[in-house]
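Right, one structure below, let's go through it.
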Amino acid sequence: MINPHWLLPTMRVNQNHTRVKMRKIFNIKSGVHLDRYLQEMRRSGVHPIRYLSHLGMMIGEYVSPTSSYGIERHPDIEHMEADIRITINEPYIGDVTMIQQQTLPWGIEQIQAPKAWSYSRGNGVRVAVIDTGIASEHPAVRDNYRGGINILSPYYAPKDYNGHGTHVAGIIAGRDADLGLTGVSPRTHIYAVKAFNRKGSANLSDLLSAINWCIDNNMQVINMSFGMEKLSESLRQAIQIAYQKKIIMIAATGNRGFTSKIDFPARYNETIGVSSISKEGKLSTFSNMGQGFDIAAPGDKIPSAWLNNTKRDMSGTSMAVPHVSGTVALLLYLNRNLSPENMRHLLKKSSKSLQKKNRIPTLNAYQAVQLYDKSYR
């Protein structure tokens, strides 16, 4: 019997050509008898690591590049790809400071979230943060933290040793006005889905497992403050399946300053692609733009929660995404049946262009809530 939560380390071939373990993702065709397929995998030298039931994918390891030749070309396999690495990389990290400021973060004010709170504070909406974990004891997030999963080490809590995930969670649902760390949606329930390690890197299989967990646990929103340049057929399929389940996925366009290309999964049609703007309303110099972009949000020098009960300024499209995730939570509280396309329409239709020259659609939480009130009630 497969333990669906156990992952073994991925290894590489060394210079002496020693037989070592390789890992790949196998997309199994619909209707295939799983037990029979597992037997054939083992006979071909592939060790099953994890089956992702909602995605119809098997993660498997084999000892040498040639031992799985038969299973890779098996008629039950729709698609197969290598387990690649993905890294979170932010262009700017400010100094860690003790929490003293008692004013609202500038991004929260710029999107006019406080004016939307008379309509909604996102009470009870379930937002999954696929990231480095969350420091659940931080005073800004502990009241809204509702647990989660450590994909990397399932028998341990999804604790954050990097800081990125905690920072994202604070922007979505920070809940301490006295500390100046109020989020966009201060009554939303936050779930830590730890797929990235303390260095900010993850395997593709970890991300697929994270999406599978979100489907299995009825998450309504998935915050994806990460991206990759390479197209992944497995990730595309996982995104499509989550979309069909009406999960709203918000993803970062990337931080390389490209003008005509954005990262995956933001580039997929099923996600809401988010770029970053500065406090002056200008597109951040590091922010990618291109096909798949939907809306811009504050992402430049954003203060939020950090490790050891501190705060930190960070910049990146990673910081813009949670502003949108929080706004989506505000809207879902008003109507939990809003589809991903309903949400995209509300966000873009209610957006503002802070710079007349750029005409970049910019997030406005208050106008989004007002537009919902006029259009759907």
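In the range 260-318, which strands (runs of 3 or more DSSP E) lie fully inside it and hold 2 or more residues that are closer than 26 Å to residue 232 by Cα, of a type outside the set (S, T, N, Q) and under 19 Å from the mean Cα position of the chain (by Cα)?
272-277, 293-298
Looking only at the range 296-337, how many residues end up being of a type outside the set (Phe, Trp, Tyr), under 19 Å from residue 370 (Cα atoms) and open to solvent by 10 Å² or more (accessible area, probe 1.4 Å)?
4
Please note which strands (runs of 3 or more DSSP E) are completely contained in the range 2-79 and include at least 2 residues that are farther than 21 Å from residue 216 by Cβ and either at pLDDT 85 or above or small (Gly, Ala, Ser) (or both).
Working: elements: 22-28, 46-52, 57-62.
In the range 2-79, 22-28, 46-52 are the strands (runs of 3 or more DSSP E) which contain 2 or more residues that are farther than 21 Å from residue 216 by Cβ and either at pLDDT 85 or above or small (Gly, Ala, Ser) (or both).
The values are calculated or read from the model by the stated rules, or taken from the named source; none is laboratory data. These numbers were taken from a predicted model, which means no experiment stands behind them. Don't worry about glycine lacking a Cβ; one is built from the backbone with ideal geometry, like all the others, and counts go over all protein chains shown. With ligands, DNA and RNA removed, areas are computed over all heavy atoms of the protein, side chains included. Shrake-Rupley method; radii C 1.70, N 1.55, O 1.52, S 1.80 Å.
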